[in-house]
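Working notes, structure below.
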């Protein structure tokens, strides 16, 4: 019997929280193997030094990107968990080098060696914000610099799995959503598409654990600063806003502006989004609920909670699940939609793996089956 | 020189978190002494058994209310931290017994002995919800039983200090606000009075630490249930809603309905309220900020944060301070007002002490001077 | 091709934390199905009401034990997560009813119906303390009542997997260790067997998260009591002490008394045990380390950390792993051994599943493969 | 009536957690005023930018040390909360400049201007480790560089208040103890002095909150790394060890080596030390307790808990109190002594203020009176 040939994975930026989470999930995937792990600041360390909890795994030593000898590695899938901005250049190099016609792009300096290390049909799954905004002018405005790979942007597919599955299937470059947009998009897109709510005036009050801020050492993320406190931030405009507006506008068929207001909570994982919406004429909260139940009935990772039960982040911790709930508002003509995810799983690495499964024709739930961890 | 005659205090319900906090604050008050502490389930225990952190204090043993021998105690002020519902009966007994004419009230059984133990001008400061709603029908609807002391309700004064100071000064029965209403009332009342915001459509997304739920053993409040999670609750109508609507309606001069939605966070103390409001025609977020700055300029316990700085619960922990901030909303014509307090201090026991100081003619800040504890 | 006949499982006491954890693990086991879940206080509720995080699973409604209609259920394995004391009676009934000769035991009232519902070779895996102490007098002394099933005690096998695998394989009644004994036994038994440390004078300073105390509502376990604090408890003798002494004495070949001192920490999961030992003449800390490395080299769930790296509970969270480390003590002739587990997994439900796998001839790691969840 | 002339304070290193805590405490001190606050990285920021929780205070803007114009400031007391190593040079400059004869020390470059800004009898209270070790060779060995001010070291007084009050009274340079040594010294010194325990073989298992590690941004102190975990550290020799050994040796009258092993816990404040000791011949745990009760009977900040009650960090949070408890060990001839403090108060800034009060002849408890904050 022929031996299974495993899909060969490279993870660029493996030492952050999303990198660690990717490794945790992929380590139990039956059909893939991780052959390259890069991490600039931790280059030449073993994975167990950076992530002692993964010390049981037999994986390659961490390297700098530029020190990887790609020749002969035969990489099938590249996950990019690099800092915002750098991904555009790296991905441009990766895809150009595999012979695809990216005619107006200059080959990234020093990436020639990638040609022999990546397969022609290499897939890139990006976890950064670099390819999420379709309008490169929007990108420039929100991120403070010109887009470095506008032509690639044109072919990038937005990776909110449940809403974009068919496009993801055939994409070679998938831009996974930010952790914050995932819940509002899953919750509100079907309601907007079906004309159940007013596209204007949507308010999203989001609450997040700390891991969304990454693993870099910042005073604001010290235990002493975060524990025993709750505080708002990003009130002058959080960068996940344009991404939400872009996708919600598509669902609504008109241009949408949202009020998005994140808060930092003393917990490791989890995003809870409380969304305040105006009902369309003649619509009730129960109608919204019915719409969501129908829309996600066949989805393995989205579930509408029973009536009266509020979604809670503790009920999705460590899993790829998204819980949604709908509630009547005391204000007439309005409703409240609430959703919860684990920001590192469905909000990032889990959704990335879900997309990979689709892009490679694997069962979508592979390595994502585990139940949430509570308490 | 004459010795200082201290004001004599009774605390009914001293073993809960608000009771402990009252004791913590009053212990350093130069002009009062605590002579009666009651706690039904912990009767005959010393305070240090119930609250080891207060083990340094030399205070009376805890007793059942009905076992207190009031004769000769000469109580000046009674703080009531009893479960909702029972306060009405107890207070009726207390005040009737001191000879005040509460003609249509039947003397509470077995309270005759109080007559000699309470001064004629005894003051009652209630921390429960029993006297907060002016309309006893509202009370019956939200709390599920008839009001037991409607005539007393008529004379009760709502104890939101900064908004009602003059009435509090002469009251004999003050109903301290719930922990949740305190922030929205401080933040929105001046804006409504001055016509700066639309009275209708106000949305309050509130986040609270666990101590607001009290110290009774409930599974939902176990560390294992709360830590590492965030969840909404009370979505079918939290009992602090009518209280907010009552007071905001007064400020607005018209009947107001609010959307109030609380969330439980994994922290001990603190309430953060994010309030979404519609600006009045021609008004800006900066106008709101200016109004609040002016309104609270002379107040020792309310402060408007610098522009761009979001109030955080960690910055008020353990103190009687309330921080308020105003921010532009991305939605045109709207603004976001955010406030933070320590729910056990300004949201409960601290405000009660502040009211006591006013009622007794003491400097308002006595025993409330300490800075917040951070981290 | 013949369909797989799955092993049929009953879980008695399914609504506590260990019950929930058993379900979480078994839900992904390829060869078992859960057909009975009991929970006295939550009888007739669905699993998703008791454990919303398991809401995706399609499992039986919770029942009272006495309401289970066992006839025809064909149960193969019973997990008991009942309160201490009651397990002895329930298990006596279970095993007697299947026709085994437990001659001197009186059939437990009302268990006749179990006869037809349990297979003759039913296996019982107990997570309580009821069958851990070989000497029933020890049991009576530490637990305050006579042992109700002394003959069954005689055949019970102590379920510390790595140390007792062969006996577990053929047992019909396995008594899984307490959460606290697991680490000291894994760490110290090999050192005692090999004569590397002095059997006398062992000090175990243990630190535990809150879930070890179960899910029952107790004031001491409220978030408000536990968060932001650390405190010792059980200083007058914790009930896990005799169990440790029993097993360590076996390893040492002489009677051992230990100083065991637990501390409660503000975290959900995890036990960290710091063990202070006297080296045998001529032995060094490195010798201890070598002994442990050799002893556990082939074990999938026990790992000795690299030199200088202290085991941490965050590195085993949600997994069945045990990390061990050995360190020189500044005091001459002494060493420090440190171990970490997740108390709900390797310290309870995970070890129970590991034992089940062995008892049923399954690969030992089934449903226990997942990596720890960090952060 | 003459106006009170307040003592003029400079705080060098005001932006760390100990600096913030000093300011919190001194802000309510009736007899002092803070006139200089330095903070290198935060120079020219207002205090409320660095510590929003102190935003109510009217204090000087933060400055770099070298930018302070000392002339005419008339500083009476300098608190040093600088990084280890730099304090020696700074203090040398400070004290030399005031005309004291520090003959063999070279004047620190650029400190001439201090002459006019410090009073002749300026007092220096150092919170760093720079002057704690009497033997400068010990210092060099543990801290990796020669001591820069050996002559000053000779006159420095170790600031464990309760054990060294008389020497502190007349000192001009007090070296406050590290957070970890405070509990073991308070607990064990009287027992060693009285010959109640064996000076050899003492084991100290310490548990600490995160603020002991300071406010500098380090990955290991991120919320994501610390929350939901417990881990040992410093197992190759924590720098607080020689300090403990130095002072315990004095108490015992012989040279002592201790086994000191710290653990990091997920909480902001608090140190819990569990100390394992051998009883002297004929001594019992109760004798130890009696000794401690007698020793600390008159002390305002040290209290022995009631029998059977374990000290807990939650019971001292935010206060200057130290709780001590004594327990029988299951191992014959041994006992367990447990102590708890708030590491930022009694373990650092509170003890520093306590020393200042003594040095200036103020009542010792001034600005330290507040009860612990629980929860």
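The values are calculated or read from the model by the stated rules, or taken from the named source; none is laboratory data. Predicted, not measured: the structure shown is a model, and the values here were computed from it. As a convention, Cβ positions derive from the backbone with ideal geometry for all residues, glycine included, and neighbour counts pool all protein chains shown.
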Original post:
Restricting attention to segment B:61-103, which residues are in a loop (DSSP other than H, G, I, E, B), at negative phi, surrounded by fewer than 16 Cβ atoms within 10 Å (Cβ to Cβ) and at pLDDT 85 or above?
Top reply: B:61, B:64, B:69
**OP:** Residues that are in contact with a strand residue (DSSP E or B) (Cβ under 9 Å, 6 or more places away or on another chain) and closer than 20 Å to residue B:178 by Cα: find the strands (runs of 3 or more DSSP E) completely inside segment B:254-358 holding 3 or more of those.
**Re:** B:259-264, B:271-278, B:322-328, B:334-341
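Could you say whether any residue in segment B:273-286 is more than 14 Å from chain A (Cβ to nearest Cβ), under 14 Å from residue B:197 (Cβ atoms), touching a helix residue (DSSP H, G or I) at 6+ places or on another chain (Cβ under 8 Å) and surrounded by fewer than 24 Cβ atoms within 10 Å (Cβ to Cβ)?
We begin by selecting, within segment B:273-286, every residue more than 14 Å from chain A (Cβ to nearest Cβ); these are B:280-284.
If we keep only those that are under 14 Å from residue B:197 (Cβ atoms) as well, we get B:280-284.
Within this subset, residues satisfying the condition of being touching a helix residue (DSSP H, G or I) at 6+ places or on another chain (Cβ under 8 Å) are none.
Scanning segment B:273-286 turns up no residue that is more than 14 Å from chain A (Cβ to nearest Cβ), under 14 Å from residue B:197 (Cβ atoms), touching a helix residue (DSSP H, G or I) at 6+ places or on another chain (Cβ under 8 Å) and surrounded by fewer than 24 Cβ atoms within 10 Å (Cβ to Cβ).
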Subject >> Which listed residue is closer than 30 Å to residue A:267 by Cβ and either surrounded by fewer than 20 Cβ atoms within 10 Å (Cβ to Cβ) or outside the structural domain of residue A:326 (by TED's automatic domain parsing) (or both), from A:163, A:188 >> reply: A:163
Original post:
Which ones in segment C:19-56 are in contact (Cβ under 8 Å) with a residue 24 or more places away in the chain, away from chain A (no Cβ under 12 Å) and farther than 24 Å from residue C:213 by Cβ?
Top reply: C:31, C:32, C:33, C:34, C:35, C:36
**OP:** Go through (1) closer than 25 Å to residue C:322 by Cβ; (2) in contact with a strand residue (DSSP E or B) (Cβ under 8 Å, 6 or more places away or on another chain); (3) modelled with pLDDT of 95 or more and name the single condition residue A:24 misses.
**Re:** (2)
Original post:
For residue A:301, are the conditions met, namely being more than 12 Å from chain B (Cβ to nearest Cβ) and touching a residue at least 40 places away in the same chain (Cβ under 8 Å)?
Top reply: yes
Subject >> Lone unmet requirement of (1) surrounded by fewer than 24 Cβ atoms within 10 Å (Cβ to Cβ); (2) under 15 Å from residue D:273 (Cα atoms) for residue D:194 >> reply: (2)
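Please verify whether residue D:234 is out of contact with any helix residue (DSSP H, G or I) (no Cβ under 8 Å at 6 or more places or on another chain) and surrounded by fewer than 24 Cβ atoms within 10 Å (Cβ to Cβ), treating the condition exactly as stated.
Yes; evaluated as a whole, the condition is true for this residue.
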Subject >> Lone unmet requirement of (1) within 18 Å of the chain's Cα centre (by Cα); (2) at pLDDT below 95 for residue B:359 >> reply: (2)
Subject >> Of all residues making up segment D:312-344, the number that are more than 11 Å from chain C (Cβ to nearest Cβ) and more than 30 Å from residue D:278 (Cα to Cα) >> reply: 2
Original post:
If you go through segment B:325-350, how many residues are touching a residue at least 40 places away in the same chain (Cβ under 8 Å) and farther than 18 Å from residue B:209 by Cα?
Top reply: 9
Original post:
Limited to segment B:289-313, what total is found for residues that are buried (at least 19 other Cβ atoms within 10 Å of the Cβ), more than 22 Å from the chain's Cα centre (by Cα) and closer than 27 Å to residue B:355 by Cα?
Top reply: 3
**OP:** Return yes when residue A:245 is without any contact (Cβ under 8 Å) to a residue 24 or more places away in the chain, crowded, with 18+ Cβ neighbours inside 10 Å, out of contact with any helix residue (DSSP H, G or I) (no Cβ under 8 Å at 6 or more places or on another chain) and in the same structural domain as residue A:328 (by TED's automatic domain parsing) and no when it is not.
**Re:** yes
Subject >> 1 or more residues within 11 Å of chain B (Cβ to nearest Cβ): qualifying helices (runs of 4 or more DSSP H) within segment A:150-247 >> reply: A:223-226
Original post:
Quick check: is even one residue across segment A:315-328 assigned by TED's automatic domain parsing to the domain that holds residue A:186, surrounded by fewer than 24 Cβ atoms within 10 Å (Cβ to Cβ), modelled with pLDDT of 95 or more and closer than 16 Å to residue A:193 by Cβ?
Top reply: no
**OP:** Scan segment B:281-288 and give yes if some residue there is touching a residue at least 60 places away in the same chain (Cβ under 8 Å) and under 21 Å from the mean Cα position of the chain (by Cα), otherwise no.
**Re:** no
